[in-house]
Structure formats: structure tokens, C-alpha cells
Amino acid sequence: MNIPCKSSSSFISKQQELEQLSQEIVLCRKCSLAISRNRPLVGDGNIGANIVMIGEAPGYYEDLKGKAFIGNAGKVLDGLLQVAGISRQDLYITNVLKCHPPHNRAPSLQEIQSCSCYLYRQLKILQPKVIITLGKHASKELFSRIFLPFSSITEMHGKVFEIKASYGPVKVIPLYHPSAACHNPSLLEVLTKDFETIAGYLKK
Ligand code: URA
């Protein structure tokens, strides 16, 4: 994966680098979401964590508060994390898009292309050992970045893909987006099973 190795990966420098990135994102005007959003959501959680979770984009509440997964999908996510015995403190959570698309519509290709550079800079700073992509948009984007074919989330959810980043091995695990369970309750069972299955990887 094209995530170059950082020589200084101390907690302090990570914090400083992420702070610098946040300032750039606040000033970003690369797409029209910069006009409609309230505040960008750069990321949330433990910057020293081994696991980075990548969602799609901030929703309505995330846009208001600047915190990741605090709406309905966040409630589902919290339940799944509990099943897996993982606390939010064990994670850093971010999204492909840093700004909220109006009416929670799906991100456009142009928005993803404009914004994804911020995601890859975050990954380069954070150097996670496990990357979990939530839903088809995040999974498709990350898989295209690491040159792995992505068929569909239905086919690929819960599978573990071992890749080599410049700083070491990384496990990439695509999962259904937690909001899928809000629209289709039968997927809650699938998500719960996946979180139970991957719990071992997450705790390493
Ligand atoms: N959905 C996402 O994909 N990300 C969030 O932060 C919230 C909801």
C-alpha cells in the first residue's frame, strides 16, 4: 500500500501532524460540501490505536458536533463494538469524506476524489495495523488504492486482506456499514457475526 514510512511516529508528532492536517481540512474548498456543511469531521478517537475504522461521511449529528458516529449508525456501531469487546478508546475513526453530504446522500465520485487525499495522509500519520472499512464506499475507495479488486460488500464483508504498507503488515477488513442494519435489520445479525469473528484481530 502506498503509505510511506514515517520516521517520527511518536504520539506528540502524530498529534501535531494531525492538527496541521485538520487546519488544512477546515480551510478546504475543493468541493461544494465546504459550503453546505457545518463543520468538517477530521477523525475521532485514540491516535495511538492499532485500529482505524473508515466510514463514509459525517451524518447530520456528526456535522453538528464534529464527532464520529454519534447518530443512529453510531448507536449500532457501539452495540457491535460491545459484542466484540472493543472500546472506542481502542480505535481511531474517520471517514472517506470529511464533510457532510446534504440529506445524507451518497458521496459523489468527484467528492471522493477531492477528499481521499486527506484520508491517505491520515493513514500515513497513524500507521494502523488493522483498517476496517465500513460499507461499500469506504471499501471500494480503499481497495482501489491498494490495487485489490473489490466486487461487492455482500461478497467481501468479514474477509481479512493482508497487505504490506511501507511501515509493516496491515490487515484490511471490509464490513457492512452499521447504518445498513438501520435500513435492513437482518444485517444486524451479519454485522454481529463479523464483529465477533474479527474480535481476535482487533485485540492483537
Ligand atoms: N456514518 C459514517 O459513515 N460516518 C460517520 O461518522 C457517521 C455516520
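Scanning the range 109-131 for residues that are surrounded by fewer than 16 Cβ atoms within 10 Å (Cβ to Cβ) and either of a type in the set (Lys, Arg) or without any contact (Cβ under 8 Å) to a residue 12 or more places away in the chain (or both) gives LEU109, GLN113, CYS117.
Just to be sure, is GLU155 acidic (Asp, Glu), modelled with pLDDT under 95 and either surrounded by fewer than 19 Cβ atoms within 10 Å (Cβ to Cβ) or away from the ligand (no atom under 16 Å from the Cβ) (or both)? No, not satisfied.
Put simply, of LEU97, LEU119, LEU41 the only residue that is closer than 28 Å to LYS164 by Cβ, in contact with an Asp or Glu (Cβ under 7 Å, 6 or more places away or on another chain), within 13 Å of the ligand (Cβ to nearest atom) and aliphatic (A, V, I, L, M) is LEU97. For the range 1-36, a tally of residues being among the basic types (Lys, Arg), within 19 Å of the chain's Cα centre (by Cα) and modelled with pLDDT of 95 or more returns 0. When you check SER186 against the structure, is it small (Gly, Ala, Ser) and under 19 Å from the mean Cα position of the chain (by Cα), yes or no? So SER186 does not fit the description; no. If you filter the range 87-107 down to residues that are in contact with a Phe, Trp or Tyr (Cβ under 8 Å, 6 or more places away or on another chain) and assigned to a loop (DSSP other than H, G, I, E, B), you find that the one that is surrounded by the fewest Cβ atoms within 10 Å (Cβ to Cβ) is HIS100.
Okay, residues lined up against (1) in contact with a strand residue (DSSP E or B) (Cβ under 7 Å, 6 or more places away or on another chain); (2) modelled with pLDDT under 95; (3) not charged (D, E, K, R):
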| residue | (1), (2), (3) |
| --- | --- |
| VAL160 | yes, no, yes |
| HIS177 | yes, no, yes |
| THR192 | no, no, yes |
| ILE198 | yes, yes, yes |
| TYR201 | yes, yes, yes |
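The values are calculated or read from the model by the stated rules, or taken from the named source; none is laboratory data. Note that the structure is a prediction, hence the values are computed from the model and not measured. Neighbour counts are summed over all protein chains in view; Cβ atoms, including those assigned to glycine, are modelled from backbone coordinates with ideal geometry.
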